[in-house]
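Asks: Handing you a structure now.
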Amino acid sequence: MKPNPTPLLTSRHNVFQNDEFDVFSRDSVDLSRVHKGRRKVENTRSLLNDKREVVAQRQRYEQYSVVVEEVPLQPGEGLSYHGDNYEDEYDDTYDGNQVGANDADSDDELISRRPFTIPQVLRTKVPREGQEEEDEDEEEAEDEAPKPDHFVQDPAVLREKAEARRMAFLARKGYRHDSSTAVAGSPRGHGQSRETTQERRKKEANKSTRANHNRRTMADRKRNKGMIPS
């Protein structure tokens, strides 16, 4: 394998090529300009008083200055700058054009044509005839309505009224009241009527049609077979 005749240092190119800190292109480097970490300055006042950058920028922008605020004049040079020396003719091309309205109406005529009207937001609300009658009917209905009595009524009376309202609601829905006395019988010790006894017997026999799923009948069957000690 033939060696590369051009060395790597001579063929390299980057942004730091041949700068003041390039040790590959120069033998000596100014170590006073090399700082490790943050450079220590004197104080803030010395930095503010350093106007070298300002002077350099001022000289650059003076080359682009096109407006001169004040021109120093020598004695006898100010005659050509008087305003009376303007010799251009006056342009009267558009002086004959009429600007504004072409009519000769006065202000009084314009005001009389359009009378002043109060905005709808600021107008007072005037009720209509039909609305007044409706308001009167509502007031009469409120007067005829019974005033609520805040006195605590008898709970038994309230229960009777609630039951009456419930029965009226069920009657409107087509509900038939069950006249069975099996649920509400006579108090204990007073005996039960024949109808109540029959209804209770019928209820015990027909429990399979309800939610217990014939548990009573199956329990009696197990007990009769001796499966459950009685």
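Asks: Go through V34, V29 for me and flag whichever is surrounded by 10 or more Cβ atoms within 10 Å (Cβ to Cβ), touching a Phe, Trp or Tyr at 6+ places or on another chain (Cβ under 9 Å) and either at pLDDT 70 or above or not aromatic (F, W, Y) (or both).
Replies: On the way: V34 fails: surrounded by 10 or more Cβ atoms within 10 Å (Cβ to Cβ).
It is V29.
Asks: Condition (residue is modelled with pLDDT under 80, assigned to a loop (DSSP other than H, G, I, E, B) and within 30 Å of T217 (Cα to Cα)) applied to region 197-206: is it met by at least one residue?
Replies: Looking for residues that are modelled with pLDDT under 80, assigned to a loop (DSSP other than H, G, I, E, B) and within 30 Å of T217 (Cα to Cα), one finds at least one in region 197-206, hence yes.
Asks: So, one more: So, in region 30-62, exactly how many residues are closer than 25 Å to D19 by Cα and not in a helix (DSSP H, G or I)?
Replies: So the first thing to find is which residues in region 30-62 are closer than 25 Å to D19 by Cα, and the list is 30-41, 52-53, 56-57.
Filter again for not in a helix (DSSP H, G or I), leaving 30, 34-41.
Within region 30-62, residues that are closer than 25 Å to D19 by Cα and not in a helix (DSSP H, G or I) number 9.
Asks: Given the conditions (1) in a loop (DSSP other than H, G, I, E, B); (2) small (G, A, S); (3) modelled with pLDDT under 80, and given that S80 satisfies all but one, which numbered condition is not satisfied?
Replies: (1)
The values are calculated or read from the model by the stated rules, or taken from the named source; none is laboratory data. Fair warning: this is a prediction, and the values are worked out from it, not measured in the lab. FYI the Cβ positions are ideal-geometry reconstructions off the backbone, even for glycines, and counts take in every protein chain you see.
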